Amino acid sequence: MKHTSIINRFNSTRAAVQQVSPLKVQGEVVSLAGLAIEISGLARHIAVGEQVTLTSKDGLLIPAEIIGFRAGLAQAMPFGSLQGIGPGSRAVAAMNPAPGGQQVTLPAPQGALTVDGQWLGRVIDPLGRPLDRKGVLPSGPIWRMPRGSVPDATLRARLGPRLNLGVHALNCFTTCRQGQRLGLFAGSGVGKSTLLAMMARHSEAEIIVLALVGERGREVREFLEDELGQEGLARAVVVVATSDAPPLMRRQAAYTAMTVAEHFRDEGRSVLLMMDSVTRFCLALREIGLSAGEPPATRGYPPSVFAELPRLLERAGPGYERPDGSAGFITALFAVLVEGDDHNEPVADTVRGILDGHVILDRRIAEAGRYPAIDVLRSLSRSMPGCNLPEESALVRRARAILGLRGEMSDMIRLGAYRRGTDPAVDEAIALAPAIEAVLHQSRDDIAVGNDSFTLLAKALAPRSAAETATESAMGASDD
């Protein structure tokens with residue numbers, strides 16, 4: 001009886017605490033320049049990253065985030081339109097019960113996410129509000145702040161086993177392990193979104209989290225219905241911030257998607273996080289930084305952009321190792337929209353140095369009609385040697401050598417300067433390259449299952465009869 005009484009008192013106390021309204025501090029808008037709002041009366045009571053609620057002249061409530069301080073005034077940027085905001089507009093800050101972390105008994109602070117397993121199949125905005133007209137999102141028992149911390153490097157698990165991404169070219173030439181982070185580098189219109197949708201539908205990951213950062217509004221529904229489809233959406237959570245959204249919303253889309261992925265990873269599950277694109281995330285950071293008064297540095301990007309990138313990207317990967325040796329994983333694919341097809345521009349160069357590998361999509365390959373337009377010779381997976389069998393690695397090395405030699409000799413073959421029989425290695429490359437290219441070509445509805453990718457590559461590299469070699473050599477020459 002005494003034990004039951006204590007439990008009842010604890011439950012009633014927790015319920016009472018959850019109903020307590022947090023302390024609120026009020027200030028007012030004194031100036032507005034560009035995208036930044038300056039607020040008086042809050043500087044001593046609030047910190048960077050916390051949220052305030054602005055009240056417009058029409059009585060609308062607009063959430064905003066503190067981005068800096070200047071001359072005793074707090075600088076904020078809204079998550080919505082500035083329409084109706086002016087000098088004297090009210091700004092209210094709810095004092096959070098804690099600066100971050102997870103709380104079960106206390107109310108969730110403003111801006112926190114309460115992720116739940118029933119979010120699968122839903123489309124949400126960066127603030128965790130539904131966009132799919134399927135009703136209110138259920139709330140989980142634990143809240144998380146979107147700008148979470150990076151797991152301790154010494155306590156994280158090692159990379160997991162090989163993960164089938166459902167694409168032959170990736171499975172063979174940039175083999176991915178659970179918990180690995182890959183960059184997908186491409187210019188506009190090269191098939192990046194279609195490739196991401198193929199992996200969302202066909203990969204062997206348990207859960208998909210997809211962040212559409214700065215996506216064209218017209219294409220969102222087309223992507224969800226035509227590219228992703230019901231099969232892909234059923235096991236996915238999609239976070240959408242279109243290109244017309246304020247910079248804070250575009251930036252927040254990346255943080256929210258990462259937070260959702262961390263929830264499922266901490267449950268011990270295998271999550272595939274895909275973000276399209278990191279470049280638009282950086283553009284949003286640039287707008288925020290410049291509005292806060294940061295000086296432009298590399299190609300107009302302020303220094304905070306390159307400080308924030310690793311804080312986001314490093315959150316993906318293996319979770320903490322449990323006592324039994326198990327762990328959850330976030331396998332991440334970050335799309336990078338390279339400006340002017342320049343793969344050495346600042347964002348692409350920085351991201352490539354942080355991640356565990358890179359996949360290059362080439363415009364010339366796409367123009368030649370081979371999709372996905374992956375340039376396997378320029379793509380790399382740093383974890384590949386640790387997950388492939390020796391015979392599989394040998395297949396990939398031989399295929400790379402053949403494609404590389406075929407590329408070196410393509411001009412001579414096209415001009416008719418090379419005569420068959422001059423070099424056996426070149427003859428072999430001319431004969432086998434079309435078969436390898438056939439393996440790399442894959443329609444969006446074709447599924448790579450299990451070890452099918454390596455089986456197809458082994459068949460493409462199998463010895464040919466003299467008649468087959470002559471025929472394939474002639475076909476390769478005519479293709480050029």
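For the stretch 287-332, what size does the Cα cloud have along each of its three principal axes, sorted from largest down, in whole Å?
Computed over the stretch 287-332, the largest-to-smallest principal extents equal 49, 17, 12 Å.
Take peptides 272-278, 149-155 and line them up by average Cβ neighbours within 10 Å, highest first, as a rough protection proxy.
In decreasing order of mean packing, 272-278, 149-155 become 272-278, 149-155.
Which value at 222 nm does the chain reach when only helices count, each DSSP H run of 4 or more adding -39,500 (n - 2.57), with the total divided by all residues and rounded to the nearest 500 deg cm²/dmol? Present the calculation step by step, with values, prior to reporting the outcome.
On the way: 15 runs with 170 residues, N = 480.
Per the formula, -11000 deg cm²/dmol.
Return the distance in nm (one decimal) between the two label points of a simple spin-label model at Arg90 and Ser12, each offset 7 Å from Cα along Cα→Cβ.
That separation, rounded to one decimal, is 3.5 nm.
Distances longer than 17 Å among the Cα atoms of the stretch 144-216: what percent of all pairs is that?
57 percent
Just from the alpha-carbon atoms, what are the Rg and Dmax of the stretch 112-180 in angstroms?
So, for the stretch 112-180, Rg and Dmax equal 16.9, 43 Å respectively.
Work out, step by step, the length gained on full extension between Asp244 and Arg382: first 0.36 nm times the residue separation, then minus their alpha carbon distance; give nm to one decimal.
46.0 nm
Determine, for each peptide in 204-213, 413-422, the mean count of other beta carbons within 10 angstrom over its residues, then list the peptides with the highest first.
Result, highest mean Cβ count within 10 Å first: 204-213, 413-422.
Return one whole number: the accessible area per residue of the stretch 400-453 in Å², for a 1.4 Å probe.
55 Å²
Hey, can you rank 347-355, 386-394, 400-408 by average C-beta count inside 10 Å, highest first?
With the highest mean Cβ count within 10 Å placed first, the list reads 347-355, 400-408, 386-394.
Helix 303-313 sits at what angle to the longest principal axis of the chain, using alpha carbons and giving 0 to 90 degrees rounded to 10?
Computed tilt is about 70 degrees.
Tell me, what % of the accessible area of the chain is carbon and sulfur with a 1.4 angstrom probe?
Result for the chain: 54 percent of the exposed heavy-atom area is carbon or sulfur.
Can you work out the accessible area per residue across the stretch 114-167, with the rest of the protein chains kept in place, probe 1.4 Å, in square angstrom? Mind dumping the intermediate values first?
On the way: 2820 Å² over 54 residues.
Normalised by residue count, the accessible surface of the stretch 114-167 is 52 Å².
With a bin width of 5 angstrom, please list the P(r) values of the stretch 271-409 as percents of all Cα-Cα pairs, from the 0 bin to the one holding the largest distance.
Percent of Cα pairs in each bin: 2, 8, 13, 18, 16, 15, 12, 8, 5, 2, 1, 0.
Using alpha carbon centroids, what distance separates the stretch 265-297 and the stretch 369-431, in Å?
The stretch 265-297 and the stretch 369-431 have Cα centres separated by 36 Å.
Kirkwood Rh over Cα pairs of the stretch 146-188 into Stokes-Einstein at 20 °C, 1.002 mPa s: D in µm²/s?
Reported coefficient: 167 µm²/s.
Work out the P(r) tail for the chain: percent of alpha carbon pairs separated by more than 30 Å, whole number.
The calculated P(r) of the chain puts 53 percent of pairs beyond 30 Å.
Quick one: in the stretch 155-281, what % of C-alpha pairs are over 19 Å apart?
Numbers: 3885 of 8001 pairs.
The share of Cα pairs beyond 19 Å in the stretch 155-281 comes to 49 percent.
Modelled label-to-label distance, Asp58 and Ile447, 7 Å Cα→beta-carbon offset: nm?
Result for the modelled spin labels: 4.8 nm.
Evaluate the charge dipole of the stretch 259-363 about its Cα centre and quote only its size in Debye, nearest 20, assuming +1 on the Cβ of each Lys and Arg and -1 on the Cβ of each Asp and Glu.
It comes to approximately 120 debye.
What does the accessible area of His202 come to, in Å² to the nearest 10, when a probe of 1.4 Å is used?
Spelled out: His202, probe radius 1.4 Å, area about 20 Å².
How much length, in nm to one decimal, is gained on full extension between His45 and Arg70, taken as 0.36 nm per residue of separation minus their Cα-Cα distance?
Extending this stretch completely gives an extra 7.6 nm.
The values are calculated or read from the model by the stated rules, or taken from the named source; none is laboratory data. Quick caveat: nothing in here was measured; it's all calculated off a predicted structure. Virtual Cβ from ideal backbone geometry, glycine too; neighbours counted across all protein chains shown. For the accessible areas, the whole protein counts, side chains as well, though only heavy atoms, and no ligand, DNA or RNA atoms are used. Shrake-Rupley method; radii C 1.70, N 1.55, O 1.52, S 1.80 Å.
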